[in-house]
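Chemist: My questions will all concern the structure given below.
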Amino acid sequence: MPAPVSAPVSAPTPDAASGTAFTPRIFSGIQPSGGLTLGNYLGAIRRFVTMQDQGGFAQTLYCMVDMHAITVWQDPDALRRNTRELAAGYLAAGLDPARSILFNQSRVPEHAQLAWVFNCVARMGWMGRMTQWKDKAGKNAEAASLGLFAYPALMAADILLYHATHVPVGEDQKQHLELTRDVAAKFNHDYGVDFFPVTEPVIEGTATRVMSLRDGTKKMSKSDPSDASRINLTDDADTIARKIRKARTDPEPLPSDYAGLRDRPEARNLVNIYAALSDQGTDQVMRTHGGSQFGAFKPALAELAVETLAPISAEMARLMQDPAEIDRTLAAGALRARDIAAPILERTYDIVGMLR
Ligand code: AQP
């Protein structure tokens with residue numbers, strides 16, 4: 001059993017029908033659809049590293065989900081660059097290719113193959129209810145790609161292709177994880193098997209939903225048109241400090257307790273970021289900074305952000321000078337991923353009745 005991360009990680013899900021425990025295994029991914037943000041770092045990558053380091057999982061697989069990225073238009077050169085930069089971000093933050101399997105999704109064709117099976121398991125109604133689909137397709141759903149609509153079935157395939165039991169993600173992915181569980185349950189039920197595990201999302205801590213610096217009701221996102229809305233992992237110290245100084249807030253000082261931030265989304269966001277970066281609870285942050293004006297709190301937050309991100313950003317820049325080495329790391333990771341994926345896909349085809 002893996003040891004707890006910041007809060008207890010529940011046991012690998014025993015299959016309800018057979019009582020069989022699945023091998024504890026982690027899968028998660030990030031889209032190379034832009035540069036990495038502080039949201040990606042705090043909501044996902046930092047926990048990828050913790051879960052790798054704590055041990056107790058048979059494998060930790062971390063992917064650059066390039067096939068997900070092309071569900072909206074990506075310039076081919078930018079996609080190549082963003083995929084390498086994402087890999088550099090993983091490595092710079094502490095993922096170790098000797099201990100974790102790092103690869104880009106399109107190098108493991110089993111993802112697309114299993115996704116097709118799941119396209120035939122998942123229902124149109126399920127997909128239509130996904131808030132990410134509604135947000136990204138917007139009012140003009142007719143013009144959105146079929147891939148964007150089917151995105152959650154590919155995500156279910158990413159996870160279930162490895163029989164992953166735990167998936168560390170930010171809050172925004174909770175609904176997709178629930179759909180992954182529905183796909184596994186429906187497949188198992190339809191074919192009368194106990195083949196796919198019911199995966200546990202791991203959504204923990206104070207930074208599971210980092211918000212935009214310009215609008216505290218919107219998620220910080222790498223594809224937000226406003227660069228001022230986010231902190232990029234590649235931003236230099238001055239840029240980070242400027243973005244935090246200009247972050248939208250309100251005129252009131254910080255309250256003495258966290259509950260006082262309930263109707264102040266921008267202020268709450270900055271406190272949550274501070275808590276996550278300093279590894280403190282929000283109550284502790286309020287004890288230290290309650291009563292402060294933003295003129296004092298923002299520089300303290302900027303200092304903390306620079307202290308955390310500067311070494312990562314410097315290491316990313318160093319790694320990006322040798323793209324061929326990044327490509328070799330990803331190719332080697334893909335071979336290891338395929339060793340796990342290929343037999344699971346074969347067995348899936350067999351269960352479905354495809355001649356092998
Ligand atoms: N703002 C955030 N706060 C906490 N976690 C976040 N994540 C993303 N934004 C935040 C987590 O990062 C992982 C990878 O996300 P993704 O790149 O696959 O897709 P996304 O969630 O759609 O991220 P973006 O930045 O908003 O990308 P675009 O703009 O391309 O759609 C996930 O675990 C996610 O929860």
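Chemist: Being assigned to a loop (DSSP other than H, G, I, E, B), more than 10 Å from the ligand (Cβ to nearest atom), under 17 Å from the mean Cα position of the chain (by Cα) and under 20 Å from V306 (Cα atoms) is the filter here; which residues of segment 202-251 pass it?
Modeler: Within segment 202-251, T206, I231, L233 qualify.
Chemist: Also, I was wondering about something else. Take K186 and tell me if it is surrounded by 15 or more Cβ atoms within 10 Å (Cβ to Cβ) and either over 15 Å from R123 (Cα atoms) or over 17 Å from the mean Cα position of the chain (by Cα) (or both).
Modeler: Considered against the rule, which asks whether it is surrounded by 15 or more Cβ atoms within 10 Å (Cβ to Cβ) and either over 15 Å from R123 (Cα atoms) or over 17 Å from the mean Cα position of the chain (by Cα) (or both), K186 comes out as yes.
Chemist: If you check every pair at least six apart or on different chains, which have Cβ atoms under 7 Å apart with a residue in segment 142-171 that is among the charged types (D, E, K, R) first and a residue that is outside any helix (DSSP H, G or I) second?
Modeler: If the second residue must be outside any helix (DSSP H, G or I), the pairs left are D158/F27; D158/G29; D158/C63; D158/V65; E171/I203; E171/T208; E171/R209.
Chemist: Does segment 35-55 contain any residue that is assigned to a strand (DSSP E or B) and under 24 Å from A228 (Cα atoms)? Working first, answer last.
Modeler: Here is the first cut: in segment 35-55, the ones assigned to a strand (DSSP E or B) are 37.
When the remaining residues are screened for being under 24 Å from A228 (Cα atoms), the result is 37.
Among the residues of segment 35-55, at least one is assigned to a strand (DSSP E or B) and under 24 Å from A228 (Cα atoms), which makes the answer yes.
Chemist: Next question. Those residues that are over 11 Å from the mean Cα position of the chain (by Cα) and within 12 Å of V167 (Cα to Cα), I need them from segment 23-51; list them, please.
Modeler: P24, R25, I26, M51
Chemist: Please go through (1) open to solvent by 40 Å² or more (accessible area, probe 1.4 Å); (2) in contact (Cβ under 8 Å) with a residue 24 or more places away in the chain; (3) assigned to a helix (DSSP H, G or I) for V306 and return the number of the only condition it doesn't satisfy.
Modeler: Status for V306: all satisfied but (1).
Chemist: List the residue pairs whose Cβ atoms are under 7 Å apart, where the first residue sits in segment 268-293 and is at positive phi, the second is hydroxyl-bearing (S, T, Y), and the two are 6 or more positions apart or on different chains.
Modeler: G291/S256
Chemist: May I pose another question? Yes or no: segment 204-223 includes at least one residue that is in contact with a His (Cβ under 7 Å, 6 or more places away or on another chain) and open to solvent by less than 50 Å² (accessible area, probe 1.4 Å).
Modeler: Among the residues of segment 204-223, not one is in contact with a His (Cβ under 7 Å, 6 or more places away or on another chain) and open to solvent by less than 50 Å² (accessible area, probe 1.4 Å), which makes the answer no.
Yes/no per residue for (1) among the polar types (S, T, N, Q); (2) touching a Lys or Arg at 6+ places or on another chain (Cβ under 9 Å); (3) more than 13 Å from the ligand (Cβ to nearest atom):
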residue: R47; (1), (2), (3): no, no, no
residue: D53; (1), (2), (3): no, yes, yes
residue: T60; (1), (2), (3): yes, yes, yes
residue: I70; (1), (2), (3): no, no, no
residue: D77; (1), (2), (3): no, no, yes
residue: R84; (1), (2), (3): no, no, yes
residue: R99; (1), (2), (3): no, no, yes
residue: E110; (1), (2), (3): no, yes, yes
residue: W116; (1), (2), (3): no, no, yes
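Chemist: Report whether or not Q113 is open to solvent by 10 Å² or more (accessible area, probe 1.4 Å), in contact (Cβ under 8 Å) with a residue 60 or more places away in the chain and assigned to a helix (DSSP H, G or I).
Modeler: Numbers: open to solvent by 10 Å² or more (accessible area, probe 1.4 Å): yes; in contact (Cβ under 8 Å) with a residue 60 or more places away in the chain: yes; assigned to a helix (DSSP H, G or I): yes.
In short, yes.
Chemist: Being open to solvent by 20 Å² or more (accessible area, probe 1.4 Å), in contact with a Pro (Cβ under 9 Å, 6 or more places away or on another chain) and assigned to a helix (DSSP H, G or I) is the filter here, so list the residues in segment 134-180 that pass it.
Modeler: Listed by number, the residues that qualify are Q173, K174, Q175, E178.
Chemist: Only one residue in R328, R338 is closer than 23 Å to L61 by Cβ, of a type in the set (K, R) and under 22 Å from the mean Cα position of the chain (by Cα). Which one?
Modeler: Answer to the selection: R338.
Chemist: If you don't mind, there's one more thing I want to ask. Give just the number: which of (1) away from the ligand (no atom under 14 Å from the Cβ); (2) open to solvent by less than 20 Å² (accessible area, probe 1.4 Å); (3) acidic (D, E) does D194 not satisfy?
Modeler: Among (1) away from the ligand (no atom under 14 Å from the Cβ); (2) open to solvent by less than 20 Å² (accessible area, probe 1.4 Å); (3) acidic (D, E), the lone unmet condition for D194 is (2).
The values are calculated or read from the model by the stated rules, or taken from the named source; none is laboratory data. Note that the coordinates shown come from a computational prediction; the quantities given were computed from them, not determined experimentally. Note that each Cβ is placed from the backbone with ideal geometry, even for glycine, and that neighbours are counted across all protein chains shown. Accessible surface areas use protein heavy atoms only, side chains included; no ligands, DNA or RNA. Shrake-Rupley method; radii C 1.70, N 1.55, O 1.52, S 1.80 Å.
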